[in-house]
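I'd like to ask you about the structure that follows.
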Amino acid sequence: VLAQDLPAREAELRAANPQAPTGPIPADALTASASGLDPHISPAYAAWQAPRVAAARGMSLSQVQQLIDANTTPGELGFLGADRVNVTTLNVALAASSH
């Protein structure tokens, strides 16, 4: 995403996530991987989307957050790199839990 596209992207994200917390949107929400196929997002981005996901799936926010936590992988060796959430496995867990 080019710098001049960021305000439009932010407005789009806020419109799609009206229940999201106020404050800055996580950086990885505003950008995309080069391929657009990376299955990981930051825990902050997952938490930012959690209210919308909970409402859409008829789940409590705490249920969604527990699944986010369960699908979060820490940085390598616990200190290298950033923690990340595998969206693919999270979506599978959400589908299994919302039935």
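The values are calculated or read from the model by the stated rules, or taken from the named source; none is laboratory data. The structure presented is a predicted model; accordingly, all values stated were derived computationally and were not measured. All Cβ positions, glycine included, derive from the backbone under ideal geometry; neighbour counts span all protein chains shown. Calculation scope for accessible area: heavy atoms of the full protein, side chains included, ligands and nucleic acids excluded. Shrake-Rupley method; radii C 1.70, N 1.55, O 1.52, S 1.80 Å.
Using a basic spin-label model with each label point 7 Å from the Cα along Cα→Cβ, how many nm lie between residue 22 and residue 6?
2.2
Along the charge dipole of the chain, which of 41, 81, 18 sits closest to the positive end, that is, farthest toward it, with unit charges on the beta carbon of Lys, Arg, Asp and Glu (+1, +1, -1, -1)?
18
What is the gain in length, in nm to one decimal, between residue 57 and residue 82 on full extension, counting 0.36 nm per residue of separation less the C-alpha to C-alpha distance?
6.2 nm
Using a 1.4 angstrom probe, figure out how much accessible area segment 1-95 has per residue, in square angstrom, rounded to the nearest whole.
61
Which of the following values of Cα extents along the principal axes in Å was calculated from the structure shown: [x] 36, 29, 21; [y] 41, 35, 24; [z] 36, 35, 25?
[y]
Normalised by the number of residues in the chain, what is the relative contact order in percent for Cα pairs under 8 Å and 6+ residues apart?
25 percent.
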